[in-house]
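First the structure, in the form of structure tokens, and then the observations on it.
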């Protein structure tokens with residue numbers, strides 16, 4: 001029930017913050033669409049967790065895979081440091097992808113860095129060039 005309460009509180013925060021957005025554009029879906037979907041999904045998860053807890057249905061908890069968790073958290077920390085230091089979106093995304101893959105047991109670091117770089121380039125081009133959104137720029141992004 002505690003988890004259901006936390007999820008419901010998060011849904012409330014997301015939806016409350018959504019209502020505080022002051023936007024001038026009124027066409028299409030707009031930027032309010034994703035917070036609405038996220039808040040709704042969190043509310044549905046809260047309800048489902050609450051119902052399961054009320055019925056006494058609790059899943060068996062698996063043990064925490066600490067090395068995997070550390071790889072993924074390390075990748076997230078590296079992403080934050082790389083973006084903050086001006087390295088740019090693409091290298092930060094590549095490192096996060098490779099660290100997450102290593103957390104899931106894959107041990108092809110160079111290949112994963114290359115895959116992450118390609119995914120980062122595609123993501124950067126779609127968001128920065130096609131959608132005209134601002135992403136962190138570094139030396140690689142200036143080439144585009």
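The values are calculated or read from the model by the stated rules, or taken from the named source; none is laboratory data. Predicted model only: the values in this text are computed from it and were never measured. Virtual Cβ from ideal backbone geometry, glycine too; neighbours counted across all protein chains shown.
Under 7 Å between Cβ atoms, at least 6 apart or on separate chains: pull out the pairs that start in segment 67-89 with a residue that is in the same structural domain as residue 137 (by TED's automatic domain parsing) and at positive phi and end on any residue that is at pLDDT below 95 and not in a helix (DSSP H, G or I).
Correct list of pairs: 86/138; 88/136; 88/137; 88/138; 88/139; 88/140.
Say whether the condition of being in a helix (DSSP H, G or I), farther than 24 Å from residue 9 by Cβ and out of contact with any strand residue (DSSP E or B) (no Cβ under 9 Å at 6 or more places or on another chain) is met by at least one residue in segment 39-52.
So in segment 39-52, the residues in a helix (DSSP H, G or I) come out as 39-52.
Imposing the further condition that a residue be farther than 24 Å from residue 9 by Cβ reduces the set to none.
The answer is no; no qualifying residue exists.
Among the residues of segment 94-138, which ones are in contact (Cβ under 8 Å) with a residue 12 or more places away in the chain, outside any loop (DSSP other than H, G, I, E, B) and exposed (fewer than 12 other Cβ atoms within 10 Å of the Cβ)?
Hit for segment 94-138 is 129, nothing else.
Quick check on this structure: which one of 132, 114 is within 29 Å of residue 65 (Cβ to Cβ) and more than 19 Å from the chain's Cα centre (by Cα)? Before the answer, list the steps.
Numbers: 132 fails: within 29 Å of residue 65 (Cβ to Cβ).
Among 132, 114, only 114 is within 29 Å of residue 65 (Cβ to Cβ) and more than 19 Å from the chain's Cα centre (by Cα).
Could you say which residue among 21, 8, 76, 3 is touching a helix residue (DSSP H, G or I) at 6+ places or on another chain (Cβ under 7 Å) and within 30 Å of residue 136 (Cα to Cα)? Step through it out loud before you land on a result.
Numbers: 21 fails: touching a helix residue (DSSP H, G or I) at 6+ places or on another chain (Cβ under 7 Å); 8 fails: within 30 Å of residue 136 (Cα to Cα); 3 fails: within 30 Å of residue 136 (Cα to Cα).
Exactly one of 21, 8, 76, 3 is touching a helix residue (DSSP H, G or I) at 6+ places or on another chain (Cβ under 7 Å) and within 30 Å of residue 136 (Cα to Cα), namely 76.
Being crowded, with 16+ Cβ neighbours inside 10 Å, within 28 Å of residue 131 (Cα to Cα) and at pLDDT below 85, is that true of even one residue in segment 40-60?
If we filter segment 40-60 for residues that are crowded, with 16+ Cβ neighbours inside 10 Å, which is where we start, we get 42-43, 45-46, 49-50.
Filter once more, so that each one left must be within 28 Å of residue 131 (Cα to Cα): 42.
With at pLDDT below 85 added as a condition, the list becomes none.
No.
For residue 58, are the conditions met, namely being free of Cβ contacts under 8 Å to residues at least 60 places away in the same chain, in a helix (DSSP H, G or I) and more than 17 Å from the chain's Cα centre (by Cα)?
Working: free of Cβ contacts under 8 Å to residues at least 60 places away in the same chain: yes; in a helix (DSSP H, G or I): no; more than 17 Å from the chain's Cα centre (by Cα): yes.
No; evaluated as a whole, the condition is false for this residue.
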